[in-house]
Amino acid sequence: MVDALSCIPAPVLRNLADKLYEKRKNAAIEVEGIVKQMSSTGEHEKITAVIKLLTDEYTFSPQSNHRKGGLIGLAAVTVGLTSEASQHLEQIVPPVLQSFSDHDSRVRYYACEALYNIAKVVRGEFIVFFNQIFDALCKLSADSAANVQSAAHLLDRLVKQDIVTESDQFSIEEFIPLLRDRMNVLNPYVRQFLVGWITVLDSVPDIDMLGFLPDFLDGLFNMLSDSSHEIRQQADSALSEFLQEIKNSPSVDYGRMAEILVQRAEAIDEFTRQTAITWINEFVKLGGDQLVPYYADILGAILPCISDKEDKIRVVARETNDELRSFKVASGEGFDVGAILVVAKGHLSSEWEATRIEALHWISALLDKHRVEVLSFLSDIVDTLLKALSDSSDEVVLLVLEVHACIAKDTEHFRNLLVYLLDAFQNDHSLLEKRGALIIRRLCVLLGAQTVYRELSSILQKEPDLDFAFIMVQALNLILLTSSELSELRELLKQSLVNCAGRDLFHALYASWCHSPMAIISLCLLTQTYQHASTVIQSMVEEDISIKFLVQLDKLIRLLETPTFSYLRLQLLEPGRYTWLLKALYGLLMLLPQQSAAFKILRTRLKTVPTYSFVGEQKYWSTPPETSHSKISNHVDIELHYTQDGVMMQDGENMSNGINFDSRLKQFKQMQQEHRVNAKSQAQLRKSSVNMTKEVQRPEENEQSSSTTDTNQPPQSVKKPPAQL
């Protein structure tokens, strides 16, 4: 076995461990010469012995000067070996790499210097240690000593630019896991180190960094929010270069990257969000079919950005949203309608109006293109759509109604929609108060006023909650009388006595309008069935004249002064012909308190009625209903009119148009009786509840009262017989 001590003079070995750098340097030069001589004669066993000596006695020594000497000595050996150094690298490089973790910063510095000199000699042969070297350089880039960082940067530049880029043995497949594992490190020096490697490797034509972009894309996006402007700029530059390459590349894995971008679009950092949404915008334009399975995720990222506080982000997000929605794809091609509906549904509760509006546009678009699939998920979204009807934005409410109307185009869904809507009104009275008129009017426009009112009337006719039915009918009646959207419906009802369609509509509404006396009276005035209106008014009993009734009557009197009832006011010019109208109006006047404003309004109106045809009026009104018109014609100036069939008409009321007013009156009285019974029942329940509450709240008083009661006295609940007069 060769003795290394015999190969190198003792003074050289002594100077190699000297504390002075110049002595160590001179000793290293002598070692270089000795090794060069050995190499020329092929004495590789001696060279191996020298390397072992330098490693064991110097680089692994507990004394820092020895370790410094050992490192400079190993570098000298490599320089002396020149082209033959590669066969000894397995001995030389590992001790140097181990010295990168030395606790002495000067040792770490000399380790960088030694490896730099070794790398310059062996060049491409050095690549076999690349993973270990990369790991060491990554750590040294964040070293606490500035001189070590500086030395590491020099070594890093040499390895990147002169070794890796020129080597045909470099394996990008082995490098990517190293890079990926370090991309989420927060140290700014490490981040700069990593971005530098990514940029350099991407510039090498033979290295396909784009193919591995999904492995480190998230890390690059993470650097966009770094506190260092330089790091943000470097990361942005690298991302811009990659995006340009994606535009020019025929094959890119859009799917994996889309998942990353979706997450980054939700970042707190504005610049990160903007970059992510810009990438998504390009992906939507370029990705085509590859992105179809990711549509729901992408939409989930876009919708919040539409309401972003930054204008640039909003603009790009809207453009991306429009591009995405215009893409034509069949459901069987991986397009998940259910997933997109879930996303759209979730954003209906967004705090931002613009996002809610776009979510509704998506539901509407899906209904248009994939109606069958959307309806199969109807039960999952209908409650959310109904809640959206109480949205603070009118635009949102109108869009929700369009979606509802689109769903209700199918007969089976139409009734369900109105049932759901009435349930919503019943559970949330504020919704009815604030949005009821808007909702009903819009549905009438979208689905047809007659269709909507017929179906609502049919549902309310069987409504078990009589109080809600009363409120709802009152609301529908007010909308009917005041909304411009229902003008055609009002005109049809005015023809109830001469038109079959008007008559049928009158019948359809009458059944549910019976819940409210005022609604029935309004309907009769609208349909010009004045005699029936008068009969209904006279049929009312004391319990019917409630505060609610008087409030509604006040509204009706004011409505009589609006353009809706202009025809009725003009008919007052012919009091002899429209005596039942007068009788109905006077009946309403008699029900109003004299001190009310409505009383004064109606009385003023009736005072304007011409009096020239009222001769014998008092006798006419006292005449029994069965008295023939010919008998009373001598007392009142009444015109008798006949249809083409010879059927007598009076007060504009066709008694033979299929309307059985006796039956209608019976129907009205029966419904009002149910309301009276319900009101009494509720009053008794409230009274019982109050009494029970009093008993629960004052048990001690009850006990005390009972304890002090004289047992000889009769119970308080037993009344004494009245005293004899």
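The values are calculated or read from the model by the stated rules, or taken from the named source; none is laboratory data. Computed from a prediction, not measured in an experiment: that's the story for all the values here. Note: ideal-geometry Cβ built from the backbone for every residue, glycine included; neighbour counts use all protein chains shown.
Okay, here's what the table says:
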item	result
Residue among I306, I313 that alone is farther than 25 Å from P250 by Cα, under 15 Å from the mean Cα position of the chain (by Cα) and either modelled with pLDDT of 95 or more or surrounded by fewer than 20 Cβ atoms within 10 Å (Cβ to Cβ) (or both)	I306
Meets criteria (modelled with pLDDT of 95 or more, over 19 Å from G448 (Cβ atoms) and assigned to a helix (DSSP H, G or I)) for L523	yes
Of residues in the stretch 41-88 being farther than 29 Å from H103 by Cα and free of Cβ contacts under 8 Å to residues at least 24 places away in the same chain, the one surrounded by the most Cβ atoms within 10 Å (Cβ to Cβ)	E43
Some residue of the stretch 491-506 being closer than 26 Å to I547 by Cβ and buried (at least 21 other Cβ atoms within 10 Å of the Cβ)	no
Which numbered condition R490 fails, given (1) at pLDDT below 95; (2) assigned to a helix (DSSP H, G or I); (3) among the charged types (D, E, K, R)	(1)
Some residue of the stretch 33-47 being in the same structural domain as F130 (by TED's automatic domain parsing) and not in a helix (DSSP H, G or I)	yes
Of the criteria (1) touching a residue at least 40 places away in the same chain (Cβ under 8 Å); (2) part of a loop (DSSP other than H, G, I, E, B), which one W580 fails	(2)
The one condition in (1) assigned to a helix (DSSP H, G or I); (2) farther than 19 Å from I471 by Cα that D554 fails to fulfil	(2)
The stretch 526-551: number of residues that are within 22 Å of A679 (Cα to Cα) and either out of contact with any Cys (no Cβ under 7 Å at 6 or more places or on another chain) or outside any helix (DSSP H, G or I) (or both)	15
Selection within the stretch 255-271 - surrounded by 21 or more Cβ atoms within 10 Å (Cβ to Cβ) and either in contact with a Cys (Cβ under 6 Å, 6 or more places away or on another chain) or not charged (D, E, K, R) (or both)	M257, A258, L261, A265
Per-region count, the stretch 165-181, residues among the β-branched types (V, I, T) and either part of a loop (DSSP other than H, G, I, E, B) or loosely packed, with under 15 Cβ neighbours inside 10 Å (or both)	1
Given (1) in a helix (DSSP H, G or I); (2) under 22 Å from E319 (Cα atoms); (3) at pLDDT below 95, number of the condition R256 does not satisfy	(2)
Residue that is under 30 Å from H429 (Cα atoms), surrounded by 14 or more Cβ atoms within 10 Å (Cβ to Cβ), out of contact with any Cys (no Cβ under 8 Å at 6 or more places or on another chain) and not polar (S, T, N, Q), where the choices are I407, I340	I407
Selection count, the stretch 377-401, where residues are touching a residue at least 40 places away in the same chain (Cβ under 8 Å) and part of a loop (DSSP other than H, G, I, E, B)	2
Out of D208, D218, D156, D162, sole residue that is assigned to a loop (DSSP other than H, G, I, E, B) and either surrounded by 13 or more Cβ atoms within 10 Å (Cβ to Cβ) or touching a residue at least 40 places away in the same chain (Cβ under 8 Å) (or both)	D208
Any chance L5 is at pLDDT below 90 and either assigned by TED's automatic domain parsing to the domain that holds D102 or outside any helix (DSSP H, G or I) (or both)	yes
Residue check, Y295 surrounded by 22 or more Cβ atoms within 10 Å (Cβ to Cβ) and not hydrophobic (A, V, I, L, M, F, W, C)	yes
